[in-house]
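What follows is a short report on a single structure.
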Amino acid sequence: GNEISQCVEDMTGGLGEVDICDQANREDGEVAAGPLWQRPSRSKLAGVTKSSRGGGARLKCSWYVLRGWPDCTLTAFKDNHSETPIGVIHLLKCDIKAKPVEDDKFHFQIHHSSHGSKHLFAESSHCMHRWIQEISNVIEEATSMGGMEGYLKKRGGMRLHTWQQRWFTLMGSDLSWFEKATESFPRGSITLNNHVRAQECKKEIGGEKYVFEIIDESRHDSKKRREFACETMLDRQYWVEAIQTSIQTNRTRSETRNRASVTISGSSRSGIGEDGAEQDDQQQGEGFGQSIQRFMAKSIGRQESNPLDDGMHFPDTKEGYMEKHSSYMIWQKRYFECANGEFRYWKNAEAKKAGKQESSKIYLGDILKGSPSVNPVDQTGILIATDVRIYSLRCNSREECQSWIDNMHEWQSFLDLK
């Protein structure tokens, strides 16, 4: 009892029992957060290391974070200061219920028919019921938003043209797969953006009758077309319809966001120029990076004195090597540049110097709120989230990582001011 009380005090800063919703970081998508205890269990539900059950087993205190759609997860950390997860419970199709009190501890259970059960303990009856309420809301949200999960066969991997059974989840814009249902972290994923479509295959492939494929028109490699097999024709129909619905939903959200952006931008993108005349078609159709360059040129040429008299400060250009986590699940060294409102990269510095087209680019004004950010799993890593995917980068040091993030934030602030 004294150890539990001390754990609560350490994790809540000595404030006693605090409501789990008040401890959540809403801007980061958290619904609830707080300490919970677990007992040694044979369950693999959260992917936490198992230990044999025995008499007198002591409860272990961890910090748990509940996230809503599209994550719908309950994640365990060593404590409230840790940024590296030690286990994840995927809540789609789970059940939760209170259990009889054990040793004066308030016990509840999260159960999944494929994953098993996870037994957790709260510090008080009130806290237990708050956790049950919030987790139930997330489970209901995951179901109502059309989340799906189940076993499929995926063709490819290390052994080409062979079928491998994997556990799949469809949540929001991500189709992810795990080696088995009890794993916490995915082995791969496909972002269901506007370039992607799913369709049924009319013929048998590799001995599998009920096959569908996902085609990514933006790719020009071996992963442009990926094949998946179901047990029955009805299962295939469900998966294809769910994936197509997810793609259409994401497209509608993106179009709505873009229309709102155009409305807010007003005359800064098109319409009437500074001199009262209509802008020509070339200016109205120019890219975002070109628009920034033209804006900068006008601002600098507006006065012969100081271009910063109107309060504008143009962020510095930053460039250098970083590592990028590729779709092949490996790290690749690439040359990056942050300039003119764009974040771009080439295979190497020589390719940029030779004037070759960049491999990819991101408009910094389109990055989602809260991004870029430090990777919580690796303090030298950077996560950049857009509507269509998440980019994972890695630097040589924490200082270099923070320098890149600060530079991108400067450009984001500049674009907001513009």
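Side notes on the structure shown:
- Surface share of carbon and sulfur [accessible, 1.4 angstrom probe, percent] for segment 62-129: 48 percent
- Positive minus negative residues near Lys347 (Lys, Arg vs Asp, Glu; Cβ under 15 Å): +2
- Lysines whose Cα lies under 17 Å from that of Lys60, excluding same-chain neighbours fewer than 8 positions away: Lys44, Lys50, Lys78, Lys105, Lys118
- Other residues within the sphere of radius under 12 Å centred on the Cβ of Trp331, judged by their own Cβ, net out at +2 (K and R +1, D and E -1).
- Within the shell of other residues whose beta carbon sits under 11 angstrom from the beta carbon of Leu364, the net charge comes to -2, with Lys and Arg scored +1 and Asp and Glu -1.
- Computed packing ranks the peptides 337-346, 129-138 as 337-346, 129-138, most packed first, by mean other Cβ atoms within 10 Å.
- Segment 103-151: Rg to Rh, with Rh as the Kirkwood radius over Cα pairs: 1.06
- What the phi angles of segment 189-200 give under the Karplus curve with 6.51, -1.76 and 1.60, with θ = phi - 60°, is a coupling list of 7, 10, 8, 8, 9, 5, 8, 10, 9, 10, 8, 6 Hz, glycine and proline written as x.
- Amide H to amide H distances under 5 Å link Gly146 with no residue, where only residues 5 or more positions off or on other chains count and H is placed in the peptide plane.
- For a straight C-alpha distance cut-off of 26 angstrom, the lysines reachable from Lys203 (same-chain residues fewer than eight places away being disregarded) are Lys153, Lys154, Lys223, Lys224.
- Distance in nm between pseudo-label sites at Asp95 and Asp366 (7 Å out along the Cβ direction from Cα): 4.5 nm
The values are calculated or read from the model by the stated rules, or taken from the named source; none is laboratory data. Given the structure is predicted, the values throughout are model-derived calculations rather than measurements. Using ideal geometry, Cβ is built from the backbone for each residue, glycine included, and neighbour counts are taken over all protein chains shown. Surface accessibility is based on the protein's heavy atoms, side chains included, excluding ligands, DNA and RNA. Shrake-Rupley method; radii C 1.70, N 1.55, O 1.52, S 1.80 Å.
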